[in-house]
Each structure stands twice: as structure tokens, then as C-alpha cells.
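The values are calculated or read from the model by the stated rules, or taken from the named source; none is laboratory data. These numbers were taken from a predicted model, which means no experiment stands behind them. For neighbour counting, all protein chains shown are included, and Cβ atoms are generated from backbone atoms with ideal geometry for every residue, glycine included.
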Amino acid sequence: MHISVLLEESIKYLNLKDNSKIVDCTLGYAGHSSLILKQIKNGFLYAFDQDKNAIEASEKKLKQIGNNYEIINKNFVNLKSEIQKRTNKVDGILFDLGVSSPQLDVAERGFSYHKDAKLDMRMDQSQTLSAYEVVNEYSYEKLVTIFHRYGEEKYASSIAKGIIKNREKQPIETTLQLAEIIKQNVPMKYRQKSHPARKVFQAIRIEVNNELEVFKKSLLDALSLLDINGRICVITFHSLEDKICKQIFNEVSSVPKELKNLPIIPEEYKPKYKIIANIAPTKKEIENNPRCRSARLRVIERG
Ligand SMILES: C[S@@+](CC[C@H](N)C(=O)[O-])C[C@H]1O[C@@H](n2cnc3c(N)ncnc32)[C@H](O)[C@@H]1O
């Protein structure tokens, strides 16, 4: 089961009205979308996901609530073109990034270092690049860069060396084989903290799904789709996603540096967006769902 994170807060900040047009970029198991649909009886919900299992499960839930929704089985990188085919502006857009618990729990998806499966990690099962190609075909330099940049892994270099050495003998096929190689290539002390494969698995997942680039482009597109007083709520799960969100929100909600000291800011340079909230889960939510400990919700509004 997937426990939705920062659920009440994000719904509250979406400022839903009976006739709101809302986009849920990350439908997942419809935790957020179900609540949204209940509150927009005369509005419309567009919900993206690229995972067929998630869509199947959510379709069953949503159709019991209403029929004023459409599920778009696409990567949300297509947000702008897909929404513009259907409508002009929208009143709210939600991103609840990352993977859902069922994606982690189903061993065959290859996201988990606890369960044995083929190296996969594709959110979109029709895509060709999977964790197998990253682990078995990327150069040493590329592996180090990915582990370092996307996993903030301090033993990136020794882990990459371990991978190269092992794959020269035979291809690395499974999650547990990879987890074991990682374990063998970090100091003993490091193995006792959290699971030594956690950061590398995260890094490979980000690479396979091109998550940061996709998010950055989609967030910029989302800003351009907002109607006046419309809001974007973003729930992130690690510092790199949050950094992108923070930077973009700060940029579009402030006067350009070079103009800050002018006595009167020309109308066209006045920021069109304002930051509404930046919140973390409560202690209680973290106790109930430790997976959300690094989550953050940021909200911006078009003026
Ligand atoms: C954390 S879950 C969302 C959970 C959902 N808010 C709920 O309450 O059930 C993230 C979902 O977004 C999907 N997803 C992640 N990146 C995506 C992308 N670039 N395009 C489309 N769907 C994406 C994943 O497949 C997953 O189902």
C-alpha cells in the first residue's frame, strides 16, 4: 500500500474550488487525486502517470468518485503539450515526486536493494534504458559522476571500480548482486549506518528515469500553465529535487538582482509569482511513515 505524504497540507494549499481545473502530475495510487476529485465536483482533474500498474489501480478508485477526470498515461515531461491540447490555463498543479511504495515493493521492478530482481528501475516499462545498461555499459567516469552527483555517495569511485571489476568477469544481472558488490567496496564502518546500497540505487534510478532534467523542464512548463491565483504544490524527497524547486521558485518570485535598487521597479519586471509555503512533515507523520522523513512541500502562486 502507498501512504501519501503531506497529503492534507498539499490539498489545503491547492486552494481547491468546486470548479477548479487541476493537474496531478504524479497520480500514483490516487491518494491525492481522490481527495482532489471529491472537492471539484464541477471542475476537472488531469492526472499523469507513466506506470501502467498505478494507472490501473487508480482508475478503479477515481471512477467511484466521479467522471470529471482524465488519466494521461505519459511522462509529465509532456505536461505542457498535453494540457494545451485539452485546455488553456489551470488552477492547480501537483507534483509528488519519486517512486510509490508499490513500485518499491514489487521485486520485479528492480527498485529495491532488499529484493532480488533483474536490474530494471524503469518507471515507464516501455522505455529501453534500464538499470542493467547503466551498470553494465556505462564507463567508470560516468558511473562515478552519477553516484557522486545523484547519490551524493562519498565512495563513488571505489564502488564504480568494484562494478567494473565484477562485470569484466560476467554481466551483473540482479539487484542483490549489485547490492553485494557495493557492500564489498565500502569500508566496514560505512556498512553499519544505513544500507550501503541506498545512495547508489537512488542515483541509478535518477539516471534511468532522467528525473532531474524532466522535473526541471516540467516545473518551468507548469508555471506557464497557471491561471491567475493558480498554485503549484511540489513534494520532493531528496535534496537535489528540492534544490531545483527552491531555485526556480526563488527566481520567478523575485525582482532581477540588477534592478533591485531601482526606486521604482518597472511593471514588466515585477515578479508574477509569490512563494506561499515551504514545509516539512510533522514529527507524527514521520513516526507513522519514516519514508517521508526527507520530504518537503513547496507552494507557489501566480499573482
Ligand atoms: C510518490 S508517487 C505518487 C503518489 C500519489 N501522490 C498518491 O498519493 O498515491 C509518484 C508517482 O509518480 C510517477 N512518476 C514519477 N515520475 C514521473 C514522470 N516523470 N512522469 C509521469 N509519472 C511519473 C510514478 O510512476 C509514481 O506512480
Residue satisfying condition, being under 15 Å from F201 (Cβ atoms) and either of a type in the set (S, T, Y) or in contact with a Gly (Cβ under 9 Å, 6 or more places away or on another chain) (or both), within set A160, A131 = A131
Count - residues of segment 137-154 that are out of contact with any Leu (no Cβ under 8 Å at 6 or more places or on another chain) and buried (at least 20 other Cβ atoms within 10 Å of the Cβ) = 5
Could you check segment 206-303 for strands (runs of 3 or more DSSP E) lying wholly inside it with 3 or more residues that are assigned by TED's automatic domain parsing to the domain that holds G92 and among the acidic types (D, E)?
-> none
Is it the case that N75 is out of contact with any Lys or Arg (no Cβ under 7 Å at 6 or more places or on another chain) and more than 9 Å from the ligand (Cβ to nearest atom)?
-> no
Going through segment 1-26 one residue at a time, which ones are hydrophobic (A, V, I, L, M, F, W, C) and either within 20 Å of R298 (Cβ to Cβ) or touching a His at 6+ places or on another chain (Cβ under 7 Å) (or both)?
-> V5, L6, L7, I11, L14, L16, I22, V23, C25
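Could you list, in sequence order, the residues of segment 1-34 that are more than 9 Å from the ligand (Cβ to nearest atom), among the aliphatic types (A, V, I, L, M) and under 24 Å from L104 (Cα atoms)?
M1, L6
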Which listed residue, of E108, E70, E133, is modelled with pLDDT of 95 or more, outside any loop (DSSP other than H, G, I, E, B) and either within 24 Å of E301 (Cα to Cα) or within 16 Å of the ligand (Cβ to nearest atom) (or both) | E70
From the list K52, K12, which one is more than 17 Å from L225 (Cβ to Cβ) and at pLDDT 95 or above?
-> K12
Residues of segment 21-49 satisfying the condition of being of a type outside the set (A, V, I, L, M, F, W, C) and in contact with a helix residue (DSSP H, G or I) (Cβ under 8 Å, 6 or more places away or on another chain) = D24, T26, G28, Y29, G31, H32, S33, S34, Q39, Y46, D49
In segment 41-64, which residues are away from the ligand (no atom under 14 Å from the Cβ) and either of a type in the set (S, T, N, Q) or over 20 Å from A222 (Cα atoms) (or both)?
-> K41, N42, K63, Q64
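Can you tell me which residues in segment 225-274 are aromatic (F, W, Y), under 21 Å from the mean Cα position of the chain (by Cα) and more than 15 Å from I300 (Cβ to Cβ)?
Within segment 225-274, F237 is the sole residue that qualifies.
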